[in-house]
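None of the figures in this text is laboratory data; all of them are computed from the coordinates on show. The shown structure was predicted, so the numbers you read here are calculated from the model rather than taken from an experiment. Cβ placement follows ideal geometry from the backbone for every residue including glycine, while neighbour counts extend to all protein chains displayed.
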Amino acid sequence: MSSRPETGGDSEPAGASGAADGGPGAEGLSRPLPEQVRARVIEYGSDVLGGMRTNELPPLLRRVARFEPRRRARLAGPQIAAQLETDAGFRGRVGERVERVWPELAEGLRSGVVPPAADPVAVAACAYLLRPRGWPGIIEGVREELERRTSAKEADEAVEELDSVRRRLDESRHAHRADLERLRARVRDQRAEITELRRKVHDERHRAKEARERAQRVLEETAARESDSVSQVGALEAENRRLRSRVEAAEAQVENARRAARTGRNADEARLRVLLDVLVEASHGLRRELALPTSLEAPADHVAEAGQRRVSLGGLPDDDPGLLERLLTAPRVHLLVDGYNVTKTGYGTLPLADQRTRLLNSLEGLASRTKAEITCVFDGADVDTPPALAAPRRVRLLFSAPGETADALIVRLVGAEPPGRPIAVVTSDREIVTAVRRAGARAVSSSIFLRRLE
């Protein structure tokens, strides 16, 4: 135990406690108390402090006397130890408490007989507090016993640690052997794989040699065939010149025959003219009955085709709301709709099947009102096969083939239309808009088209 308190008055070392007891030949400790004994003595002193009156308390311990015992021992342990070392009265009060609790142990210590079954720490604490004859020797004996127990515990722990290390070493050895076997197996497999690869390389080299030889033979055969072709071309050119001369002679004969037949053809042409007029009138009536669009072109259309591919659909910009109405009133207009671009703009939270059904129903109504030709294109990549939908009567429904996007199909449809036909594409995809404009078609944004449908 510490021979000097942390705060308070001066105190003497534990080995000089005889001076505090008043006798010049009093016994004392040569070393501080063992830590376990010191803690036990402080615990006993802390318990006694709680039962003492205020005027009996040592001045240095009055401020902690009202604390809970464990808290006193934790906060004021050095002060309690110093007070027990220097204050014989306080030590006597604690010794009386110990003697009341363990009377047999106190009696044995005074008679010089230590109970063999007693706790060594308790024996040393009682000897320190009661201080019978030979108490330093009792404490030294307890110290040796505690050190022996500590050494034995440390030895046992060392043995256990050694056993644990040996077990881990054996486990590591087993794991190392397993890893070694696994690595050896992998090496064998890799050697077999290397052998197989070498065999394949040899076979490939052999095949490459054969391919080079075949290529050389083909080159030689090609050279021979080229020489044969040159000779055959010369013969064909001579035959061509001979045939050309015969054709020219035949054309002269045909021209003579035409001149001879032209004089007798006037009556036949009159009858043919009457028949042709009848057929034209019949076709016009059939066209009116079936409401078929006219496809007659004037010579000026062919002249204009060289400078302009598509018929102009008005000078309105693409974002003008009136552009769609003007497009729908153009004769023979073809309206191409980018299906998923429109549905995801207007009602993208619906399932794809519901999006398609809703858009097709709206397009059917628009086609019946405007009489325009409408083609709706969907991307076929989201389904294994095109879904079986009820085909609308007035709307053409197309799905892109595997490996082709709906964008590419729309551009291909625009390019398939004849020159001069007005075409409008409904989409907000900038790439499609650029492509169809380049082909001469007009583009209408999906939002403007949805407002027209609503």
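Near residue 374, the amide H atoms lying under 5 Å from its own belong to 335, 396; only residues 5 or more places off or on other chains count, and H is placed 1.01 Å from N.
The listed peptides 338-347, 356-365, ordered by packing as a protection proxy, come out as 338-347, 356-365 (highest mean of other Cβ atoms within 10 Å first). Residues within the reach of a label modelled at residue 345 (point 7 angstrom out along Cα to beta-carbon, backbone nitrogen below 12 Å), restricted to the range 397-430, are 425-430.
If you take the Cα centroid of the range 149-216 and the Cα centroid of the range 394-453, the two points sit 63 Å apart.
Here's the picture: a label point sits 7 Å out from the Cα of residue 431 along the beta-carbon direction, and within the range 360-376 nothing has its amide nitrogen under 11 Å of it. Note that the range 172-253 shows a convex hull volume over its alpha carbon atoms of 125 Å³ per residue. Anisotropy class assigned to the range 343-454 is rounded, per the alpha carbon gyration tensor with a/c under the 1.5 cut-off. Computed over the range 76-220, the convex hull of the alpha-carbon atoms projects to a mean area of 19.6 nm².
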